């Protein structure tokens with residue numbers, strides 16, 4: 001157990017040092033620094049608790065408040081990472097209300113009630129004069145509830161973010177934040193499985209050792225921290241100067257009813273769009289954005305989005321990559337390209353990675369690139385990867 005906690009501390013100090021040393025921090029970077037600082041304080045507290053140094057102190061109860069801070073602070077980080085606007089001050093108060101209420105409850109009991117009462121703790125509940133304390137029982141319930149609630153809220157933010165980037169970018173490999181989904185899954189499993197089981201163990205309902213469940217929880221923490229660091233370094237919007245909030249086209253969804261674009265104008269722009277895609281092939285630019293394409297059409301990004309969603313029935317990502325797949329299929333049929341690999345053709349057609357190409361190709365054609373290649377005549381078969 002101590003070794004695991006020590007490894008958490010080392011990893012956290014490493015990531016925190018990197019973020020503190022970064023110049024020109026973005027808004028999300030600052031929230032990540034706050035979250036890593038919180039993790040470090042939490043790990044130090046857990047280590048002290050494991051060593052039994054707080055067994056005779058009421059401050060051990062206050063230390064448990066870290067359960068009310070972990071998910072909310074991470075939620076603020078996810079919000080800064082996925083949203084363009086700042087969170088209002090009242091929402092900061094709402095996010096931290098459980099912690100503030102718990103702190104006030106502790107201070108009230110610590111200074112006025114604990115010294116005048118017979119205090120005991122059983123099965124995670126505080127007893128005063130042999131009776132369960134209602135306020136402490138209420139906060140024990142909040143401990144169970146807070147992680148799932150903020151995980152779900154963070155997951156909703158991530159889903160909305162993924163929709164926005166697909167409405168704005170033709171390549172999302174570096175900005176999709178898929179690693180966050182993995183962290184959410186790990187935390188959710190912990191919140192709905194490991195924590196309840198730990199409670200049953202403490203209550204003596206099932207016969208597993210308490211230390212074993214604590215070990216599983218610490219392993220979960222180490223894995224989550226490693227994912228945050230490893231994939232965070234690969235995501236340039238966290239550890240570099242890429243500011244998605246300033247990227248073209250990243251806007252909150254708006255209603256098309258007040259866009260001022262008539263059906264006739266939309267239909268005309270749509271035909272211009274199709275002609276542009278066929279003649280100039282802007283999709284060959286692997287970094288093509290909705291802003292760049294709208295500029296080539298001399299229309300607004302919102303009008304382009306309206307045309308794609310209402311007439312084409314696609315978001316920007318699917319629309320552009322559909323053309324890229326068509327280009328790949330045409331080049332695969334051309335005998336002049338027999339000396340090229342599938343990946344080379346995909347890169348020349350506007351894709352930026354093998355993974356993205358394979359995923360989009362299967363979605364559009366319902367078969368893998370290799371399967372499609374084999375379906376062509378033998379003399380036109382393209383070399384596989």
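The values are calculated or read from the model by the stated rules, or taken from the named source; none is laboratory data. All of these numbers come straight from a predicted model, not from anything done at the bench. All Cβ positions, even for glycine, are placed from backbone atoms using ideal geometry, and neighbour counts span all protein chains on display.
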Members of segment 69-93 that are part of a helix (DSSP H, G or I) and over 30 Å from residue 57 (Cα atoms) = 75, 76, 77, 78, 79, 80, 81, 82, 89, 90, 91, 92
ask   = Do the conditions hold for residue 160, that is, is it within 26 Å of the chain's Cα centre (by Cα), in a helix (DSSP H, G or I), modelled with pLDDT of 90 or more and surrounded by fewer than 17 Cβ atoms within 10 Å (Cβ to Cβ)?
value = yes
ask   = Any idea how many residues of segment 2-17 are in contact (Cβ under 8 Å) with a residue 40 or more places away in the chain and surrounded by 15 or more Cβ atoms within 10 Å (Cβ to Cβ)?
value = 7
note = Residue hits (segment 262-292; in a helix (DSSP H, G or I) and within 20 Å of residue 172 (Cβ to Cβ)) are 277, 282, 283, 284, 290, 291, 292
query = So residue 50 fits all but one of (1) more than 14 Å from residue 142 (Cα to Cα); (2) at pLDDT 90 or above; what number is the exception?
reply = (2)
inquiry  = Residue pairs, Cβ under 6 Å, 6 or more apart or interchain, first in segment 76-89 and without any contact (Cβ under 8 Å) to a residue 40 or more places away in the chain, second in a helix (DSSP H, G or I). List them.
reply    = 87/79
query = Given segment 293-385, what helices (runs of 4 or more DSSP H) lie entirely inside it while holding 2 or more residues that are at pLDDT 90 or above, out of contact with any strand residue (DSSP E or B) (no Cβ under 9 Å at 6 or more places or on another chain) and crowded, with 17+ Cβ neighbours inside 10 Å?
reply = 301-307, 316-333, 342-348, 354-365
remark   = For segment 1-44 the number of residues that are under 23 Å from residue 92 (Cβ atoms) and either in a helix (DSSP H, G or I) or in contact with a strand residue (DSSP E or B) (Cβ under 7 Å, 6 or more places away or on another chain) (or both) is 19
query = Looking at segment 180-188, is at least one residue more than 26 Å from residue 360 (Cα to Cα) and either at pLDDT below 80 or not in a helix (DSSP H, G or I) (or both)?
reply = yes
ask   = Which number in (1) over 20 Å from residue 164 (Cβ atoms); (2) free of Cβ contacts under 8 Å to residues at least 60 places away in the same chain marks the one condition that residue 349 misses?
value = (2)
